[in-house]
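*Asks:* Take this structure first; my questions come after.
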């Protein structure tokens with residue numbers, strides 16, 4: 001009797017592992033409406049959530065059950081979901097006006113914003129838009145991020161204590177399409193770098209971040225809204241495959257592109273094959289606020305001065321709380337602005353006295369609100385905490 005051994009799968013992926021037939025088997029499936037009972041409809045394989053979901057949550061329906069459905073969509077389903085009318089149009093317009101001021105200032109200063117996947121200067125970009133909006137107009141920031149969908153989907157995919165950043169992107173008429181790609185972390189690396197990470201890191205990377213976009217104008221297809229390939233997030237070697245010619249050709253032939261209305265939001269698994277489309281319209285300046293939400297356990301794409309953001313927002317938070325803002329709204333804004341994770345810190349200075357970890361910045365903001373600490377007192381406590389954590393502006 002001859003002994004046989006089973007070869008253990010390699011811990012490293014290579015381009016030779018990229019099999020277009022296997023890829024097609026994964027992506028050429030539909031989305032069963034019975035798998036997304038909270039959605040209003042399924043459009044070209046993409047679940048679209050709207051009035052049904054809002055009515056369910058407004059009536060006190062099971063939030064965790066909905067989040068379980070969303071997590072299934074992002075992991076094992078289409079990999080993308082649209083949330084129609086997620087943001088109120090007037091709030092979006094107010095935010096757009098603030099962002100347009102920033103764009104005008106950049107143009108006046110001769111600044112041409114770079115782009116990860118398109119030619120520098122092709123689009124108008126506001127990098128670090130979350131921090132800039134909070135510092136320039138905290139009232140608008142409150143109304144924008146009090147919207148529940150960001151927290152709903154972020155917790156569904158990442159759990160609590162997430163970190164939000166945003167970057168505004170305006171693709172002007174004539175702007176050309178991006179190349180198909182995946183997103184942060186491994187998706188922001190050259191293929192020769194990504195291939196150096198073991199296979200289990202390729203599986204880990206998608207669950208470290210959540211990608212989203214908020215439409216700030218109506219986006220007909222001719223304006224070039226993002227193109228997606230549903231179910232492509234499920235392909236293991238996808239960070240390597242997305243750069244190969246045969247996979248890009250398949251994307252070009254089979255992608256989905258959905259029109260959006262102002263206030264619609266899209267959230268998707270960062271491993272989904274996607275890219276912004278060409279703006280062939282005559283007069284639509286396609287403006288979208290690109291959201292990236294990071295796990296508490298990961299590193300966000302940008303450095304945000306969350307001390308400055310928290311100081312700017314605290315007077316508004318206190319004012320809105322006194323005016324009757326709900327705990328959910330307050331919590332959504334604090335989650336989007338303050339640091340929710342207490343590490344890393346200097347444990348000699350910031351000791352976890354009476355608890356397993358030190359107080360996070362977000363917990364400090366909530367405590368100050370609960371205790372009705374005045375603005376100067378809250379600022380003093382925030383800066384003292386920053387000093388204990390050996391952060392800037394102590």
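The values are calculated or read from the model by the stated rules, or taken from the named source; none is laboratory data. On a predicted model such as this, the values are computed, not experimentally measured, just so you know. When we count neighbours, we look across all protein chains shown, and the Cβ atoms used for this are built from the backbone with ideal geometry, even at glycine.
*Asks:* Of the conditions (1) under 22 Å from residue 44 (Cβ atoms); (2) at pLDDT below 95; (3) surrounded by fewer than 16 Cβ atoms within 10 Å (Cβ to Cβ), residue 254 fails just one. Which one is it?
*Replies:* Among (1) under 22 Å from residue 44 (Cβ atoms); (2) at pLDDT below 95; (3) surrounded by fewer than 16 Cβ atoms within 10 Å (Cβ to Cβ), the lone unmet condition for residue 254 is (2).
*Asks:* Name, by its number, the condition in (1) modelled with pLDDT of 95 or more; (2) surrounded by fewer than 23 Cβ atoms within 10 Å (Cβ to Cβ) that does not hold for residue 243.
*Replies:* Here residue 243 meets the rest and fails (1).
*Asks:* Going by what's in this entry, would residue 367 be described as at positive phi, within 29 Å of the chain's Cα centre (by Cα) and without any contact (Cβ under 8 Å) to a residue 60 or more places away in the chain? Reasoning before the result, please.
*Replies:* Values: at positive phi: no; within 29 Å of the chain's Cα centre (by Cα): yes; without any contact (Cβ under 8 Å) to a residue 60 or more places away in the chain: yes.
No: the conditions fail for residue 367.
*Asks:* Which is surrounded by fewer than 19 Cβ atoms within 10 Å (Cβ to Cβ), touching a residue at least 40 places away in the same chain (Cβ under 8 Å) and part of a loop (DSSP other than H, G, I, E, B), of 390, 379? Reasoning before the result, please.
*Replies:* On the way: 379 fails: part of a loop (DSSP other than H, G, I, E, B).
Step by step, each of 390, 379 is checked, and only 390 is surrounded by fewer than 19 Cβ atoms within 10 Å (Cβ to Cβ), touching a residue at least 40 places away in the same chain (Cβ under 8 Å) and part of a loop (DSSP other than H, G, I, E, B).
*Asks:* Separate question: Answer yes if at least one residue in region 336-346 is within 30 Å of residue 239 (Cβ to Cβ) and in a strand (DSSP E or B), and no otherwise.
*Replies:* Restricting attention to region 336-346, the residues satisfying the condition of being within 30 Å of residue 239 (Cβ to Cβ) are 336, 339-341, 343-344.
Then keep just the ones that are in a strand (DSSP E or B); that gives none.
So far as region 336-346 goes, no, none of its residues is within 30 Å of residue 239 (Cβ to Cβ) and in a strand (DSSP E or B).
*Asks:* Let me ask something additional. Mind checking which residues of region 255-266 are part of a loop (DSSP other than H, G, I, E, B), more than 15 Å from the chain's Cα centre (by Cα) and at negative phi?
*Replies:* If we filter region 255-266 for residues that are part of a loop (DSSP other than H, G, I, E, B), which is where we start, we get 255, 258-259, 261-264.
Still in the running and more than 15 Å from the chain's Cα centre (by Cα): 255, 258-259, 261-263.
Scanning region 255-266 gives 255, 258, 259, 261, 262.
*Asks:* Mind listing whichever residues of region 267-284 are outside any loop (DSSP other than H, G, I, E, B) and surrounded by fewer than 24 Cβ atoms within 10 Å (Cβ to Cβ)? Can you show your working first?
*Replies:* Let us first name the residues in region 267-284 that are outside any loop (DSSP other than H, G, I, E, B), namely 267-268, 274-275.
Scanning region 267-284 gives a single hit, 275.
*Asks:* While we're on this one: Regarding residue 324, is this residue surrounded by fewer than 19 Cβ atoms within 10 Å (Cβ to Cβ), out of contact with any strand residue (DSSP E or B) (no Cβ under 9 Å at 6 or more places or on another chain) and over 29 Å from residue 47 (Cα atoms)? If you could, list the steps in order and put the result at the bottom.
*Replies:* Numbers: surrounded by fewer than 19 Cβ atoms within 10 Å (Cβ to Cβ): yes; out of contact with any strand residue (DSSP E or B) (no Cβ under 9 Å at 6 or more places or on another chain): yes; over 29 Å from residue 47 (Cα atoms): yes.
Criteria met by residue 324.
*Asks:* Output the residues belonging to region 129-151 that are crowded, with 22+ Cβ neighbours inside 10 Å and closer than 21 Å to residue 341 by Cβ.
*Replies:* 130, 134, 141, 145, 150, 151
*Asks:* All but one of (1) over 24 Å from residue 72 (Cα atoms); (2) assigned by TED's automatic domain parsing to the domain that holds residue 63 hold for residue 131, so report the exception by its number.
*Replies:* (2) is the only condition that residue 131 fails.
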